[in-house]
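Below you'll find the structure, written out as structure tokens, and then a few comments.
The values are calculated or read from the model by the stated rules, or taken from the named source; none is laboratory data. Every value quoted in this text rests on a predicted model; they were computed, and no experiment measured them. All Cβ positions, even for glycine, are placed from backbone atoms using ideal geometry, and neighbour counts span all protein chains on display.
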Amino acid sequence: MNNLQERNIVQHIDEEDNINIKEILNKLIDKWPWFIISIFLCVLIAFFYTKYTSPLYQINAKVLVNDDEKGGGLSGKSSGLMDLGGLIGAKNSVDNEAEILKTRFLMEQVVRQMQLNIVYSKKQNLVSRELYHTPFKLNILKGMDTITTTKFEVKKINNNRLKISTKKFEKEIAWNEPFSVNGVGTIQLENNQIGQMDDGEYYVSVSSIDERVAILMKQLSVSVTNKQVSILDLGLSYPLPDKGEDILKTLISKYTEANLSDKNAIADSTYKFIGERLNLIASELGDVENQEEEFKQNNKLADMSEQGKLLVQNTSEFSTELAKAETQVSILSDLENYLKDETKNKRVFPTALLPQDMVFSGLMGQYNALLIERDKQLLGLTEESPFIKNIDNQIAGLRSGILSNIQSTKNTYVVTRDKLRNQLSKSENQISGVPKIEKNYLKLVRKKGIKQELYIFLMQKAEETAISKTSNISVAKTIDPPKAQVMPISPRKNIIYLAGLIAGLVLPIIIIFAVDLLNTGIATKEEITKLTRVPVIGEISHNTSNDNLIVANQGRSAISEQFRALRTNLSFYLKTAEEKVILLTSSMSGEGKSFTAINLGNILALAGKRVLLMELDLRKPGLSAKLGLSNDIGFSNYTISPDIKITDIIKPLSINKNMFIISSGPLPPNPAETLLSENTPQLIEELKKQFDYIIMDAPPVGIITDAQLLSVYADVTLYLVRQKVTQKAQLAIVEELYTNGKMKNIGIVVNDIISKYYGYGYGYGTYGEKTDKSIWQKIRFKR
């Protein structure tokens, strides 16, 4: 016996692990109207979504960048000065320019120039569509520091009057009439003269610059699709193709303007510095020329002697070299003073005056780029920002390095200058006999030559700087202007319809299994077999009528046939004539014990058997009430009073001559003890002699123990399970009774079956029973 139970347990576990595909398909097929309606609704929603959702177009452009060897910068010695990943100080590269195009600074300029924080729209076909060219324009005369997003509704009253309203106010205004709005500032509406304003509903949404910039930044894409070429691919998604093209054009324009502005800033700084030095040198040169003229007049020196001319000729070469050295020392001294001046720490350095040295060029490029980047960042940051302080630290480091290089170079030229001075002095001392006046004049001429050399040098650099500024071009040029795609990228109708179709198929599945998962009641035969090893020996369909005597009054119905099947199955349990007591119990009340007892007794009586119904639910009797009998005398009277005979409590039933009943009688104060009365065994033995079958309608075993007290008399126990009423957890009760052998020959009878996918199905309409269901009955979940 133990081995058999172990094999049953193993078989039961294996069955739980298997997924019943047929059961799942039956559940889904049974709800086919759900799928039809769900697909229809989802596809309808997809249709309305595509119809009323604003289309989104992709605008593309290509920009060619002058890539200096893919961003090559300084050598390893100076690159350690940079902490910004090479973005600022490096040469032009595709990657660097792509990052610059994605900066918030450029997009903010576009938003301000095109006033993109003011969006116009008009109600069309139940939804509002954005407009580009509008018959009116909203001007913000005096905006708030932080503009709160506000949506205005504008309607035309007549040619001169308008009605403007928001959620908080409504006002009639005239064209160009200023008025104040909380959260926005002082605004006015201007007649744009683009087209006549009709009587439709117009909307104007005003938001802050920062908010609009953030939205457009999400719609902008800048990428380098091919690393082998220096071409940037720009993309912008926008509902209006022409407006999107203009936004992208303006962005590219601002980018090229910013690039040229950076280059021109260096040229302007150099030109300004040279201009200041030219004014000073011109003044000094004029003074020297005046001194020369005055010297000649005072000394009546019309011409120099042959000896003086020879001296000038011999020393001219040294004078020329000395003038150049003096010029370089003077320029470097000026640059040194420029760097030491704290008031000029944030000004671009005049690079054109530097000697042609690679170290100088690299340091200057990074230094000026840092200053330009600092000015840009200050538009959105403060001086105390960690990013600004980081740039300032790098500027200070580069400034120190530049100053050190300038001082070193200056010292080299000073040594050269002093050497040339000594050589010139020796050359002059070698010639004697030259009059003192001519010697002094010679010194004056040499001083004039130095000033002239410096002046010519500065003039040359000024012309070079002016020419370089006019020849400055941007590092990038547009090779494919912004153009919108013909077809919108969103919404894509085919994908939306396909998604609607899939959703229409998936949603019913989710709902069906979600309801099934949340439903704790027994729904299918498979659930019973998974939760317990107790066999199902009977299945009773839902009784659509209020007739409890279904076998007596509808003998050819499907339910009557099911009771006949139950009678047949009982014959395998009651194998001998002495086995005749049938006990009916359940987990709780309301699961159909009395209904089953009446009709099971009736079906047994129709076979010519004498059947007795015993109403032994002493606490809540219902059997006699369903049969319309008085319950004034019954089982409780017999167990208490010795004067009551068995014949006094047995009552015949009119539904069948072979059917009798013993009602429960008056409610005793101690029902359990009443069932344990010493008269009960005697009563059962006597009744077994008089009747072929005794059906005991016992209380629910899941609530009280009365059924277990009666199980000692039972030859077979029928445990009633009602679909959608009996909880899955309650099947543990019958499993425990079966496992521990507390009730012998226990079997389950499933009652009130509604769903046709429960087990084998009962919708066959046996013996003329009407089974046609309405569409609504098929769609709704039945309890």
> Do we have any residue at all in segment 216-236 that's touching a residue at least 24 places away in the same chain (Cβ under 8 Å), closer than 17 Å to S165 by Cα and outside any loop (DSSP other than H, G, I, E, B)?
Replying inline: no
> Does M114 meet the test of being outside the structural domain of S223 (by TED's automatic domain parsing) and either buried (at least 20 other Cβ atoms within 10 Å of the Cβ) or modelled with pLDDT of 80 or more (or both)?
Replying inline: no
> Has segment 295-309 got at least one residue that is part of a helix (DSSP H, G or I), modelled with pLDDT under 75 and surrounded by 18 or more Cβ atoms within 10 Å (Cβ to Cβ)?
Replying inline: yes
> Can you name every residue in segment 111-126 that is over 16 Å from D242 (Cα atoms), in contact with a strand residue (DSSP E or B) (Cβ under 9 Å, 6 or more places away or on another chain) and assigned to a strand (DSSP E or B)?
Replying inline: I118, K122, K123
> Out of (1) among the polar types (S, T, N, Q); (2) more than 30 Å from D706 (Cβ to Cβ); (3) out of contact with any Ser or Thr (no Cβ under 8 Å at 6 or more places or on another chain), the odd one out for S571 is which?
Replying inline: (2)
> What are the residues in segment 491-505 that are part of a helix (DSSP H, G or I) and of a type in the set (K, R), if any?
Replying inline: K493
> For segment 120-136, which residues satisfy the criterion of being buried (at least 16 other Cβ atoms within 10 Å of the Cβ) and β-branched (V, I, T)?
Replying inline: T134
>> Tell me the residue from G555, G590 that is surrounded by fewer than 18 Cβ atoms within 10 Å (Cβ to Cβ), in the same structural domain as I684 (by TED's automatic domain parsing) and on the phi > 0 side of the Ramachandran plot, please.
In response: G590
>> Taking the conditions exactly as written (surrounded by 18 or more Cβ atoms within 10 Å (Cβ to Cβ), assigned to a helix (DSSP H, G or I) and either out of contact with any Pro (no Cβ under 6 Å at 6 or more places or on another chain) or not assigned by TED's automatic domain parsing to the domain that holds L240 (or both)), does P508 satisfy them or not?
In response: yes
> Taking only pairs six or more apart or across chains, which ones have beta-carbon atoms under 9 Å, a first residue in segment 40-55 that is over 10 Å from Y497 (Cβ atoms), and a second residue that is of a type in the set (F, W, Y)?
Replying inline: none
>> Residues that are of a type in the set (D, E, K, R), surrounded by fewer than 18 Cβ atoms within 10 Å (Cβ to Cβ) and assigned by TED's automatic domain parsing to the domain that holds G622, at least 3 per element: which helices (runs of 4 or more DSSP H) completely within segment 653-745 meet that?
In response: 679-690
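Residue by residue, here is whether (1) over 21 Å from N745 (Cα atoms); (2) in contact (Cβ under 8 Å) with a residue 24 or more places away in the chain holds:
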| site | (1), (2) |
| --- | --- |
| E561 | yes, yes |
| R567 | no, yes |
| T576 | no, no |
| R610 | yes, yes |
| L618 | yes, yes |
>> Which of the numbered conditions does D210 fail, given that it passes all the others? Conditions: (1) part of a helix (DSSP H, G or I); (2) surrounded by fewer than 14 Cβ atoms within 10 Å (Cβ to Cβ).
In response: (2)
> If we keep just the residues of segment 687-716 that are within 24 Å of A523 (Cβ to Cβ) and among the β-branched types (V, I, T), which is modelled with the highest pLDDT?
Replying inline: V701
> Out of segment 447-486, which residues are basic (K, R), at pLDDT 70 or above and surrounded by 14 or more Cβ atoms within 10 Å (Cβ to Cβ)?
Replying inline: K447, K448, K451, K461, K483
> Would a scan of segment 175-197 turn up a residue that is of a type outside the set (A, V, I, L, M, F, W, C) and in contact (Cβ under 8 Å) with a residue 60 or more places away in the chain?
Replying inline: yes
> Has segment 77-86 got any residue that is crowded, with 16+ Cβ neighbours inside 10 Å, assigned to a loop (DSSP other than H, G, I, E, B), modelled with pLDDT of 50 or more and out of contact with any helix residue (DSSP H, G or I) (no Cβ under 7 Å at 6 or more places or on another chain)?
Replying inline: no
>> Quick check on my filter: what residues within segment 394-409 are surrounded by fewer than 19 Cβ atoms within 10 Å (Cβ to Cβ) and in contact (Cβ under 8 Å) with a residue 60 or more places away in the chain?
In response: G397, R399, G401, L403, Q407
